[in-house]
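Please read the structure below before turning to the comments.
Only the coordinates and a few stated rules stand behind these numbers; no lab work does. What you are looking at is a predicted structure, and each value in this text was computed from that prediction instead of being measured. Methodologically, a virtual Cβ is constructed for each residue, glycine included, from the backbone with ideal geometry; neighbour enumeration extends over all protein chains shown.
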Amino acid sequence: MSREGEEDPALEELLRRGPHPAPDPLRREAARAAFLSGASRAAPGPRMGAPVPSDLELYLASQPVAPPARAEFRGELRKAFVLSAPKAALPAAPPRSRLMRFGVPLLAAAAIVAVTVLFPEPERWRVRSAAPVRFAGAEYAPGDAQELAVDLEGSGTFETLEAPALFDLGGKMELELRPGSELVFPLLPELDGVGTVWFELARGEAYLKTADGYPGNPVRIKTPQAEVALHGTTLGVLVSPGGTCVCVAEGQVTVESGQLVDGHMDVAAGGSCFVFDDPARGGDWCAFPTDAADENYAHVHDLLAFQVAAAPAR
């Protein structure tokens, strides 16, 4: 009995004995019987409903079959074919068309222009200082203004060392931080008239003013003793060992503190509010001098000079 995939010697011998090229009904029937007989011997058991061979199959079975080629010959032939076959070459890249050469750079340039128009670069803080300053723990020299402006887009603590630092945001908000001061900046604000701009003065003195065209974003300056709320004005905030002093040169602000009567105090131009560090002393209001002959004028001299100073050239 032959295995599956192996040749049956009896069947091969039977097929070789069919010398008549033309179909003969008797021989065809004999071949059919012999074929069916051999198939039944090779099968493991009777198969019900097996298909009956067609006339073409019987004709092919009756033709002489050439002996199979030797395995060695087939192996040598395959080896010769594989070794002689040329290696497939990679297809050459098609030549770039004129559209590809010039169209792609033009599309890239148009995309850059579209992004610039639809998403313009934000207004950054412009900083001027005659001495080194420190922001978020890193020190910046006077020539590092551009790098500092980019870094100021993120929040962090700004420290002045030996000289004041001047800040300008889009020509709409100006700020001066006096020497030896420490001010926490917020994330780069968007002056859209809605979002609140937060600052926190830990020590020292800061002046702030808004210019014509300021959209009206609320501004809040927090100190250890109070919070100052304003919309558009010029003021100075001083944090000293004794407390927080708020001086208003223009406009009106609201000072909020649990140490004040009713929890807040409105301060108009020419007035000052001092919130003491000692809760038992509360807070006081007083007018600040605008006459240079007054002995207390030195306290507000720099603030008044900041009020009338022209904005930095852009």
Handout entry: Student exercise, the stretch 195-314 dipole from Lys, Arg, Asp, Glu Cβ charges, in Debye to nearest 20
Key = 440
Problem - Potential extension, residue 13-residue 307 segment - 0.36 nm per residue separation minus Cα distance - result: 93.9 nm
Problem - Surrounding net charge for residue 181, when Lys and Arg each add one and Asp and Glu each subtract one, Cβ distance under 10 Å - result: -2
Problem - For residue 173, distant residues with modelled amide H under 5 Å away - result: 211
Handout entry: Difference of contour (0.36 nm per residue) and Cα-Cα distance, residue 254 to residue 287
Key = 10.3 nm
Handout entry: Rg/Rh (Cα only; Kirkwood hydrodynamic radius) as it applies to the stretch 125-308
Key = 0.96
Exercise for the section: Can you figure out the FRET efficiency of residue 211 with residue 187, using R₀ = 22 Å and their beta-carbon distance, to the nearest 0.05? Expected result: 0.55
Exercise for the section: Please tell me the relative contact order of the stretch 125-308 in percent, rounded to the nearest whole number, where contacts are Cα pairs under 8 Å and at least six residues apart. Expected result: 13
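Given the Cα-Cα distance of residue 269 and residue 161 and 0.36 nm per residue of separation, how much length would full extension add, in nm? Spell out each step's value before the answer.
Details: separation 108, 0.36 × 108 = 38.88 nm, distance 3.00 nm.
In short, 35.9 nm is gained.
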